[in-house]
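The values are calculated or read from the model by the stated rules, or taken from the named source; none is laboratory data. Bear in mind that the values here come from a model prediction, so they are computed numbers and not experimental data. So basically every Cβ, Gly included, is an ideal-geometry build from the backbone, and we count neighbours across all protein chains shown.
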Amino acid sequence: MATVSAATSAPQAPARRGRRRALAKFARNRAALVGAAIVLIVIVVAALAPWISPFDPVQADFLHVRSAPDAMHWFGTDELGRDILSRMIWGARASLAAGVVSVAVAVAIGVPLGLIAGYFGGLIDTVVSRVADALLSIPFLILAIALAAFLGQSLTNAMIAIGVSAMPRFVRLSRGQAIAVKAEEYVEGARAIGLDDTRIVLRYILPNVLPPIIVQASLTVATAIIAEASLSFLGLGQLPPAPSWGSMLNSAKDFVSEAPWMSIFPGVAIFLTVLGFNLLGDGLRDALDPREH
């Protein structure tokens, strides 16, 4: 019994050393640090929007319609005279929430299904895998647009649509990781001492599949932000007059030649935020890759 208990607890000490090595490696990755800094800035801006926004983001000012950037309106104004900087600050909340909540929905649904399918196999695995493969056969953005159109125009529905569209990625990833981990000796030892399947999955399978899930989640946030911007651009996301970067681009498309700042600044914000999450995800992937430790 003592031998088996030691076997089941064996991964814990190396795991602590692995986390320290991963953190040190991440800290040495300049690109990852740049990505983390960009993500942190976006989070801080979104959190402090009520305090740092210079103007009301929905208040029209018809005396300053499509004004060029100046000392009062640093990023100019839009077709209703609303301050673009203020709308971008508040729009960061919608775009960031769309990315994070959508991925949370995808993880909450996809990871349990993948773990169950990978650990138990059989008919459950067949059904879950076929459904995931069927959804993966549909282009991500097309599926998100179809679901958002079916659910109706709102930011909440857009987040649900994006989350469901991203869910099959996490099903496939967690299933493959569960199949690999359940064959390890410490899992066999846990079965030998009579632990039930639920405890084995939660205590031994899940912690060992978390690193690739974290990496995939950070990369998927970037995809979800682009998807939300696309849905808002098509009129399927944030309801006006509430700001989001995608809806700002939708408004700017008719004034590209007359007021280019209306499209430049939201476009740059989307680009930098997506770049930040991609750099962060790549850094996490390199740091958490066990083959590099």
### Summary
When Val209 is run through (1) under 19 Å from Ala106 (Cα atoms); (2) at pLDDT 90 or above, the failure sits at (2)
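Please find, within region 17-48, the residue that is nearest to Phe255 (Cα to Cα) out of those that are among the small types (Gly, Ala, Ser) and over 18 Å from the mean Cα position of the chain (by Cα).
Here the residue is Ala31.
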### Task
Go through the residues of region 263-280 one by one and say whether even a single one is farther than 30 Å from Arg28 by Cα, touching a helix residue (DSSP H, G or I) at 6+ places or on another chain (Cβ under 7 Å) and in contact (Cβ under 8 Å) with a residue 40 or more places away in the chain.
yes
### Task
Could you list all residues from region 160-192 that are free of Cβ contacts under 8 Å to residues at least 24 places away in the same chain and in a helix (DSSP H, G or I)?
Ala180, Val187, Glu188, Arg191
### Task
Could you tell me whether Val39 is touching an Asp or Glu at 6+ places or on another chain (Cβ under 8 Å) and more than 15 Å from Trp90 (Cα to Cα)?
no
### Query
Here are Met88, Met72: which of them is of a type in the set (A, V, I, L, M) and closer than 13 Å to Met248 by Cα?
Met88
### Query
Could you say which residue among Ala15, Ala27 is part of a helix (DSSP H, G or I), at pLDDT below 90 and more than 30 Å from Ala94 (Cα to Cα)?
Ala15
### Task
Name the residue, out of Trp51, Trp90, that is more than 30 Å from Leu210 (Cβ to Cβ), within 29 Å of the chain's Cα centre (by Cα), without any contact (Cβ under 8 Å) to a residue 60 or more places away in the chain and outside any loop (DSSP other than H, G, I, E, B).
Trp51
### Message
Of all residues being of a type in the set (Gly, Ala, Ser) and within 29 Å of Ser102 (Cβ to Cβ) in region 167-225, which is surrounded by the fewest Cβ atoms within 10 Å (Cβ to Cβ)? Just the residue, please.
### Response
Ala180
### Message
Can you pull out every residue in region 208-257 that is more than 19 Å from the chain's Cα centre (by Cα) and closer than 30 Å to Ala178 by Cα?
### Response
Asn208
### Message
If I ask for residues that are surrounded by fewer than 16 Cβ atoms within 10 Å (Cβ to Cβ) and touching an Asp or Glu at 6+ places or on another chain (Cβ under 9 Å), which ones from region 241-293 would you list?
### Response
Asp254, Phe255, Glu292
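Has region 193-216 got at least one residue that is among the charged types (D, E, K, R), out of contact with any helix residue (DSSP H, G or I) (no Cβ under 8 Å at 6 or more places or on another chain) and either outside any helix (DSSP H, G or I) or within 30 Å of Pro241 (Cβ to Cβ) (or both)?
yes
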